[in-house]
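First comes the structure, then the notes that go with it.
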Amino acid sequence: MVQGIAHRKKQYVEVTALHDEEGLVAPLAIKWEDGRRFEIDEVLDRRRAAALKVGGTGTRYLVRIGGRETFLYYEDPRWFVEAIVPDGAA
């Protein structure tokens with residue numbers, strides 16, 4: 001376990017996405033529950049996969065936000081991330 005990280009939780013988020021005529025979905029930005037908005041710099045990968053740390057399955061996007069890579073999941077019709085729960089948090 002990484003120091004400072006107790007575990008992860010499934011955190012549903014609001015996502016701005018582009019849906020093209022072929023049915024492909026491209027996430028553009030994530031809005032966190034506290035209102036902060038993070039623009040997605042680049043989608044690096046897209047595939048059907050399970051979220052092993054928090055459960056669930058769907059389309060997993062590997063995205064770059066502010067120079068850091070993270071996974072974003074589309075579990076139709078909702079989006080979620082594997083949010084870090086710090087040590088000592090409920």
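Points to keep in mind about this one:
- Taking a sphere under 10 Å around the Cβ of R8 and counting the other residues whose Cβ falls inside, with K and R at +1 and D and E at -1, yields a net charge of +2.
- Note on the chain: with a GNM built from Cα contacts shorter than 10 Å, the maximum mean-square fluctuation among D41, D20, D76 falls on D20.
- Counting Lys and Arg as +1 and Asp and Glu as -1 over every other residue whose Cβ lies under 14 Å from the Cβ of E33, the net charge comes to +4.
- Largest first, the residues R60, R8, R48, R36 sort by 1.4 Å accessible area into R48, R36, R8, R60.
- The residues F71, F80, sorted by heavy-atom accessible surface at 1.4 Å with ligands and nucleic acids left out, run F71, F80 from largest to smallest.
- Amide H contacts of H7 (H built 1.01 Å from N, under 5 Å, at least 5 apart or other chain): V85
- Value of D in µm² per second that Stokes-Einstein yields for the chain, Kirkwood Rh from Cα pairs, at 37 °C (0.692 mPa s): 238
- When L72, L62, L52, L44 are compared by accessible area at a 1.4 angstrom probe, the order from most to least is L52, L44, L62, L72.
- Taking the Cα centre of the chain as origin and assigning +1 to Lys and Arg Cβ atoms and -1 to Asp and Glu Cβ atoms, the resulting dipole is close to 380 debye.
- Amide hydrogen proximity for W79: with H placed 1.01 Å from N in the peptide plane, the residues at 5 or more positions away or on another chain lying under 5 Å are V13.
The values are calculated or read from the model by the stated rules, or taken from the named source; none is laboratory data. All figures in this text were calculated on a predicted structure; none of them were measured in a lab. Neighbour counts run over all protein chains shown; Cβ positions are idealised from the backbone, glycine included. To get the accessible areas, we keep the full protein, side chains included, count just its heavy atoms, and leave off ligands, DNA and RNA. Shrake-Rupley method; radii C 1.70, N 1.55, O 1.52, S 1.80 Å.
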